[in-house]
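See below for the structure under consideration.
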Amino acid sequence: MPEESPWFGKSVTVLELRWYNQAPVLFLDGVTDRTAAESLIKAILVIDTDADKLPDEPDAWYDHQLVGLKVLRDGAEVGEVVRVEHMPAQDLLIIKHNEREVMLPFVKAMVPSLDIAAGTVTVTPPIGIFEEILPELATPEPAQPEPTESAEAESSAE
């Protein structure tokens, strides 16, 4: 915010946060009309909070606490959380491995364990999500059973 802005150096109180078209919209105390809201365009808001403090809810984290966590699947590191995207149905963890990004729904079934102190998140995604980027995690195709003698005899009799 430029120094000539009426908001420069001032504190504001967030009354409410809503999502519109996948974009966050803040409602601020003292900003009651469109003109006042437009005076905040391109404003950079600095939030005064303890960066290490977790939210008061169980199983709740701030996005900045998730970014940078190592992602483990079956004990193998498959990448790193680079961001969290908030979608209407659920949040997505965006996991980067090499130059590729994988989107994983941030739900208990696929993210059963998260340890901020250890810097890790354990994931159990459906088969196919990480196999393209880590072929060593792919489940081998089940071996086809060898034909039995009776099956060979039947096919040669035809």
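The values are calculated or read from the model by the stated rules, or taken from the named source; none is laboratory data. Everything numeric in this text was worked out from a predicted model, so none of it was measured. Every residue, glycine as well, gets a Cβ built from its backbone with ideal geometry; the counts of neighbours run over all protein chains shown.
Restricting attention to segment 69-81, which residues are within 11 Å of the chain's Cα centre (by Cα) and surrounded by fewer than 17 Cβ atoms within 10 Å (Cβ to Cβ)?
Hit for segment 69-81 is 80, nothing else.
Need the failing condition index for residue 92 against (1) outside any loop (DSSP other than H, G, I, E, B); (2) under 23 Å from residue 22 (Cβ atoms); (3) at pLDDT below 85, just the number.
Of the numbered conditions (1) outside any loop (DSSP other than H, G, I, E, B); (2) under 23 Å from residue 22 (Cβ atoms); (3) at pLDDT below 85, the odd one out for residue 92 is (3).
Across segment 102-114, what is the number of residues that are out of contact with any Lys or Arg (no Cβ under 9 Å at 6 or more places or on another chain), closer than 23 Å to residue 22 by Cα and in a strand (DSSP E or B)?
Total meeting the criteria: 3.
For segment 55-63, state whether one or more residues are modelled with pLDDT under 90, at positive phi and part of a loop (DSSP other than H, G, I, E, B). Before the answer, list the steps.
Applying the first criterion (modelled with pLDDT under 90) to segment 55-63 yields 55-63.
Right, trim to at positive phi and you get 59.
Next, only the ones that are part of a loop (DSSP other than H, G, I, E, B) stay: 59.
For segment 55-63, residues modelled with pLDDT under 90, at positive phi and part of a loop (DSSP other than H, G, I, E, B): present.
Within segment 115-133, count every residue that is assigned to a loop (DSSP other than H, G, I, E, B) and under 16 Å from residue 64 (Cα atoms).
4
Which residues, taken from segment 1-37, are in a strand (DSSP E or B) and surrounded by 10 or more Cβ atoms within 10 Å (Cβ to Cβ)? Spell out the reasoning first.
Residues of segment 1-37 in a strand (DSSP E or B): 14-20, 23-28.
Once the filter is applied, which keeps residues that are in a strand (DSSP E or B) and surrounded by 10 or more Cβ atoms within 10 Å (Cβ to Cβ), segment 1-37 yields 14, 15, 19, 25, 26, 27, 28.
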